[in-house]
Structure formats: structure tokens, C-alpha cells
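This report concerns only the one structure given below.
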Amino acid sequence: MTPHRHHRLGYVLAGLLAVGAMALTACGSDDTEAAASGERKLTKITIGASSDWPQQPMRWGEEKGFWAEEGLDPEFVEPPDDPSAQIAAVAKGDLTFSFGPTSIFIRAIEEGAPVKIVGSGFRSKGPFWFIAGNHIETFADLKGKTVGTVIPAGSLHTYASVILQENGIDPKRDVKLVANGGGPEGYGTLLTGQVDATISEQPFATQVEADGKGKVLARGWKYLPRYHTGSVIAGQRLIDEDPELLRRILRAYYRIYTEAKANYDEYIPWLQEQNPDLDPKIVEQAIRAEDDIWDANPDVDPEAIRETQEIEVREGNQKEVFPFEDVIDLRFIPKEYVKPFSYEVGER
């Protein structure tokens, strides 16, 4: 396996240092009392939230009024597939904040992107599942076969590589690694036999077994429990000029994910309605399958960030480990949602 700089961070981010002078689109805080109505005016924000169902709690939160209670009027925008373009959108203010891969965010910030990691995602451990076709019984059967890693040099690629190594498979010699895309595209490559196994996410890990099309060989967070996978980023201009707006955004974000998990009896039926093409049982099983990593903890563990970077250095995706304080700013996280870090993984 030869690591690739798939996202061309240096190229995409080269011009981002100049964006500090640009206007912060849709992010300005405006909480003045409306003269006519006497009601609080909601601040418009633009959120990078994909239509993938793990990020749909943010839309559920809008229906519940949680954003409005913080004085926020969110617009949900599908973030770019390329994380470097996502970072650029946050840096310019086209996105007020967004959720994505910690390792790629760290590299981008160190290369000059004017953004910071301002908290963990609603889950910081990797919700990745190693799934295989029915003709694969064990990892040993993968020798000489093709394995999908979604994209080169990304978090899922790292998970796939480590899982293979820990199961006696040399990803450089024993298998052919291919970038097969994520979501339905990547799942489709397994169903059509283009790959024999792939790293994937929910609901596909549940669906492949329910449909009798394959099996789960491994759960990613069981192999890399301290690899920090998901973070929230905000632009440096927002951090400097409207920290109170950022505090309100983060307070709403972590409240929404906390409430959704605490109210499965309400949230799961809502999610099932949003995904009419999926069997409702698959939706519920897939959500519950990741209970142990959905913690909505805004805090970021410095040791996990160090270990994450060390893994990326070993995988050839990063040259060195960068200081925690250079890339992360935790001044704005809501302390009421902070929890102790836990890395109990149980059996693989």
C-alpha cells in the first residue's frame, strides 16, 4: 500500500490564509430585539450536514425547536465530498461549522487553513465496519482478494489497514486496496463483486447481513478505540469575532445529539420516516449497534489526538505529530455535556 495525498491539501489550502479578510457568510450574530414584535431575531447559520442518516439528528433538532431556543436559524447544506473543500468552505464562512475527519482536519490546520477543531463530534470513535461477501469466511480468506478503503489516506483507509494487519493480513502484499467510494456507492461495489470486502458504515453493516449478502468481520472502534475520528470545526474569523455565537451553536449541537439518544422512542420512529427506502427494523438495529460510541461528549482527549497522529505517521499519511494546542480550541464547548473519556471496547 503506497499512501497517497488524495485530498491535495497543500494545493487546496494554499490560498486559505487570505480568507481572514473575507466576509463571514451567514455567520454574523444578530440578536437585537425586533422593534415591531419584541421577539428575539434568530441568527442565520449554515451547517455542513450531510443527508446521511447519522447526521439527521440536527434536522430533528430543528423540528424540536432546539436550534431556535439558542436563537439560531440553521440552513443545512450538503458538505463537499472532499474534506479539503469542506475545510475551505468553513474557512471562508460559507459554512458556519461542520463535522468531519479529525486526522484530515489536523493536517489542514497545520498546513495553514484558518480553522480550528472546536470539539469532538457526537461520536469521536470510528463508526466503521469491515464487511465482506458471503464467500469470505475469515480474514485469511482475503489473501489475494480486493478490499475497498473508500478513499486513500482517509480515516476509513487507516481503519481498514490496521484491521487487516491485526488479523494477519499485510495490506501491502496480501490484498489489493482500492478506493471504492463511500455510502451506497461503496456498498454497491461489494454487492456487485467489484470488491471482496470493504470498510463501511451503517446502515450497510446491518443491511448486508439482513439481506443475506455478506457478513461483518470487524467493528473499527474495537481495533482503534483511541483513534480520534470525528470533530467539529469552525473558522478562525468566527472564533475571533463572535465567540458567543459559537458557544450557542455548540450548546445546541450537543444538546440535540444527547436528546436524540435519550429519546429513542421518539427519535427512531422519526428517523424511520426519513428513510422510507430502508426496512424500519434495519434503521433501529443500525442505530442501536453503535450505542457505545454515541456519547455526544464535546471534550477532546489530548492523548487520543497524539495517538491518532502517531498512527497516521505510521501509515504514511502524516510526517510528524503536531502540538494539541496548535489545532484545537476547546474554550467554547458546553461544560454541562463533558464526560470522562472511556476506551473500554470489550470483545472484538
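Quick one: which residues, 5+ away or cross-chain, put their amide H under 5 Å from the amide H of D73? H built at 1.01 Å from N.
Residues meeting the amide H criterion: T43, K44, I45.
Working out 0.36 nm times the residue gap between K213 and H135, then minus their Cα-Cα distance, what length gain in nm do you get to one decimal?
27.1 nm
Among K125, K92, K335, which one shows the highest mean-square fluctuation when the chain is modelled as a Gaussian network with alpha-carbon springs under 10 Å?
Answer for the Gaussian network model of the chain: K335.
With n ≥ 4 as the cut-off for DSSP H runs, can you work out [θ] at 222 nm for the chain, using -39500 (n - 2.57) per run divided by the number of residues, rounded to the nearest 500?
For the chain, the value works out to -10500 deg cm²/dmol.
By per-residue mean of other Cβ atoms within 10 Å, what is the highest-first order of 98-109, 303-314?
98-109, 303-314
Assigning unit charges at the beta carbon (Lys, Arg +1; Asp, Glu -1) and nothing else, what dipole magnitude in debye, to the nearest 20, does the chain show about its Cα centre?
Here the size comes out at about 880 debye.
Give the residue from V313, G346, I282 lying farthest towards the positive end of the charge dipole for the chain; charges sit on Cβ (+1 for Lys and Arg, -1 for Asp and Glu) and the dipole is referred to the Cα centre.
So the residue furthest toward the plus end is V313.
Hey, for a label at E69 modelled as a point 7 Å past Cα toward Cβ, could you say which residues of the range 43-61 have their backbone N under 13 Å away?
Taking a point 7 Å out along Cα→Cβ of E69, the residues of the range 43-61 whose backbone N falls under 13 Å are 61.
Within straight cross-link reach of K41, meaning Cα distance under 19 Å, which lysines are found once same-chain residues fewer than 8 apart are removed?
Here the lysines satisfying the reach criterion relative to K41 are K64.
Determine, for the range 127-245, the count of lysine pairs separated by eight or more sequence positions (or lying on different chains) whose alpha-carbon distance falls under 21 Å.
Summing the qualifying lysine pairs gives 9.
What does the charge dipole of the range 32-162 about its Cα centre add up to, to the nearest 20 debye, if the Cβ of each Lys and Arg holds +1 and the Cβ of each Asp and Glu holds -1?
Dipole magnitude for the range 32-162 comes out near 380 debye.
Place +1 on the Cβ of every Lys and Arg and -1 on the Cβ of every Asp and Glu in the chain, take the dipole about the Cα centre, and give the residue among V118, F324, Y253 whose Cα lies farthest towards its positive end.
Towards the positive end, the residue furthest out is F324.
In debye to the nearest 20, how big a dipole does the range 129-223 give about its Cα centre with +1 on each Lys and Arg Cβ and -1 on each Asp and Glu Cβ?
Here the range 129-223 has a charge dipole of around 180 debye.
Return the long-range amide H neighbours of W129 (sequence gap of 5 or more, or a different chain), with a cut-off of under 5 Å between placed amide H atoms.
For W129, whose amide H was placed from the backbone, the distant partners under 5 Å are S200, E201, G220.
Bear in mind that the values in this text are calculations on the coordinates, not laboratory data. This is a predicted model, so every value here is computed, not measured. Cβ atoms come from the backbone with ideal geometry, glycine included; neighbour counts cover every protein chain shown.
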